[in-house]
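Student: This is the structure I have questions about; it appears just below.
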Amino acid sequence: MSLSVFIIFIGGIIGQSISPIKSLSTLPVAMIVIGTAVSIFPINYIMSKIGRRYTFLSVCVFTIINAILAVTSLYLQSFNLFCFSTFLFGATVATMQQFRFAAIESVNKDQITSATSLVLLAGLISAYLGPEIATNGKNLFEVQFVGSFVLLAICFVVAFVLLSLFKPAKKLALPKDNSKRKLIEIIKQPTFIVAMSSAASGYVIMSYVMTATPISMHSMDGFSLEQTKFVIQSHVIAMFLPSLFTPMIVKLLGLNRMLIIGILLYFVCVAIALLDHLLINYWVSLVLLGLGWNFLYIGGTALLPSSYEENEKFKVQTVNDFSIFGFQAFASLSAGWFVFNYGWESVLYSVVPIILIQFFILLWWLKHKKT
């Protein structure tokens with residue numbers, strides 16, 4: 001999980017140094033999200049054919065090779081090749097998204113939220129590991145950040161060893177009547193709509209604001225790389241630390257209130273960020289952004305299995321993740337252009353309509369449940 005944080009942290013900074021057009025500096029960050037969206041269908045198809053274990057291991061090897069490609073792009077100072085390498089990293093992220101489903105499939109229904117939360121606790125390590133290997137590897141070689149990708153490759157060697165121990169859960173027996181509903185029937189369910197839209201809006205807003213943050217802080221407001229790293233690390237910790245308590249939160253509040261609180265946290269995040277460009281404003285708003293993402297993403301993920309049967313899981317999970325990362329790709333791609341051309345405030349104001357739309361979707365769903 002450190003890969004996403006790693007690219008988000010230094011992708012825009014590297015992009016700014018080698019991009020011929022400054023407003024395209026965050027394109028490397030956007031490309032990993034686009035790569036994720038594009039890879040979801042083939043990765044899920046491969047996984048359905050050869051299983052999760054062999055897919056996980058193959059993608060680890062693929063990622064190590066791709067890290068070498070990224071190193072080559074830095075030596076050549078090729079912006080296009082660097083963007084292509086981050087695009088290919090999207091396949092790794094698409095595979096990583098299946099960790100939570102692999103966990104869900106290994107437990108009973110009443111343990112789904114706990115299983116999802118435990119998997120996402122890995123984000124606490126990634127919050128530290130991603131930015132640390134980026135900064136510690138920056139000057140290991142003559143060309144800046146080459147060492148960062150070497151350290152990243154070493155992490156995936158370790159990941160390969162750990163994932164070789166993975167044992168997939170036994171497949172559940174399918175009902176004798178193995179007929180499948182049409183995909184459109186599943187998508188039209190209110191439960192699917194709110195599950196997918198909650199996770200999608202959570203990811204879009206989080207990715208959009210977080211992608212713009214290093215550029216706004218480091219490149220435009222003059223904060224040091226260490227200060228920027230501190231804010232990004234705090235944000236990622238806030239994304240995953242609540243996972244320690246999510247099962248208790250769900251039990252206490254229920255998924256309904258959890259999703260609404262996630263939206264309210266986003267409102268407060270935007271309000272604080274608009275007050276000033278001080279370090280404390282960046283820090284508090286990015287922490288609230290992480291908390292809001294946690295509530296919306298885990299809530300949506302926990303709700304999703306209620307919309308499909310066992311024999312429908314791969315196609316529903318694929319559509320869900322493709323929708324999430326398709327929207328996120330657009331958000332990441334536009335973040336750099338917005339922040340360079342219109343400033344930090346424009347980034348913040350532009351997410352307000354998305355927050356409002358998701359708020360009304362939640363109200364519609366709650367009303368539908370009551371009726």
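What follows draws every value from the coordinates through simple rules; no lab data is involved. Since we're looking at a predicted model, the values are computed, not measured. No Cβ is skipped: glycine too gets one built from the backbone with ideal geometry, and neighbour counts run over all protein chains shown.
Student: Which of the residues spanning region 15-27 are aliphatic (A, V, I, L, M) and crowded, with 24+ Cβ neighbours inside 10 Å?
Tutor: L27, the sole residue that qualifies.
Student: From the list I40, I104, I133, I65, pick out the single residue that is surrounded by fewer than 20 Cβ atoms within 10 Å (Cβ to Cβ), on the phi < 0 side of the Ramachandran plot and β-branched (V, I, T).
Tutor: Result: I65 is the single residue among I40, I104, I133, I65 that is surrounded by fewer than 20 Cβ atoms within 10 Å (Cβ to Cβ), on the phi < 0 side of the Ramachandran plot and β-branched (V, I, T).
Student: For region 222-229, indicate whether the set of residues that are without any contact (Cβ under 8 Å) to a residue 24 or more places away in the chain, surrounded by fewer than 21 Cβ atoms within 10 Å (Cβ to Cβ) and closer than 24 Å to T36 by Cα is non-empty.
Tutor: The answer is no; no qualifying residue exists.
Student: Looking at region 287-306, can you tell me whether even one residue there is β-branched (V, I, T) and free of Cβ contacts under 8 Å to residues at least 24 places away in the same chain?
Tutor: Residues of region 287-306 β-branched (V, I, T): 287, 298, 301.
Still in the list and also free of Cβ contacts under 8 Å to residues at least 24 places away in the same chain: none.
Checked against the condition, which is being β-branched (V, I, T) and free of Cβ contacts under 8 Å to residues at least 24 places away in the same chain, region 287-306 yields no hits at all.
Student: Here's a follow-up. Working carefully through the options Q328, Q317, find the one that is part of a helix (DSSP H, G or I) and over 26 Å from N108 (Cβ atoms). Outline the logic, then answer.
Tutor: Details: Q317 fails: over 26 Å from N108 (Cβ atoms).
Going through Q328, Q317 in turn, just one is part of a helix (DSSP H, G or I) and over 26 Å from N108 (Cβ atoms): Q328.
Student: Then there is this: Scan the helices (runs of 4 or more DSSP H) fully inside region 1-95 and keep the ones with 1 or more residues being small (G, A, S) and closer than 23 Å to G326 by Cβ. Quick ask: steps written out before the conclusion?
Tutor: On the way: elements: 2-18, 27-50, 52-76.
Hits in region 1-95: 2-18, 27-50.
Student: Tally up the residues in region 331-367 that are closer than 24 Å to S219 by Cβ and assigned to a helix (DSSP H, G or I), please.
Tutor: Going through region 331-367, the residues closer than 24 Å to S219 by Cβ turn out to be 331-351.
Next cut, assigned to a helix (DSSP H, G or I) only: 331-342, 344-351.
Summing the residues that are closer than 24 Å to S219 by Cβ and assigned to a helix (DSSP H, G or I) in region 331-367 gives 20.
Student: Of all the residues that make up region 332-347, how many are within 19 Å of the chain's Cα centre (by Cα) and under 19 Å from D276 (Cβ atoms)?
Tutor: Filtering region 332-347 down to residues within 19 Å of the chain's Cα centre (by Cα) leaves 332-336, 347.
Narrowing the set further to residues that are under 19 Å from D276 (Cβ atoms) leaves 347.
Count: 1.
Student: Regarding G326, is this residue surrounded by 23 or more Cβ atoms within 10 Å (Cβ to Cβ), under 19 Å from F87 (Cβ atoms) and either free of Cβ contacts under 8 Å to residues at least 60 places away in the same chain or touching a helix residue (DSSP H, G or I) at 6+ places or on another chain (Cβ under 7 Å) (or both)?
Tutor: no
Student: Can you tell me which condition I32 does not meet? The list is (1) aliphatic (A, V, I, L, M); (2) under 19 Å from F149 (Cα atoms); (3) surrounded by fewer than 23 Cβ atoms within 10 Å (Cβ to Cβ), and all the others hold.
Tutor: Among (1) aliphatic (A, V, I, L, M); (2) under 19 Å from F149 (Cα atoms); (3) surrounded by fewer than 23 Cβ atoms within 10 Å (Cβ to Cβ), the lone unmet condition for I32 is (3).
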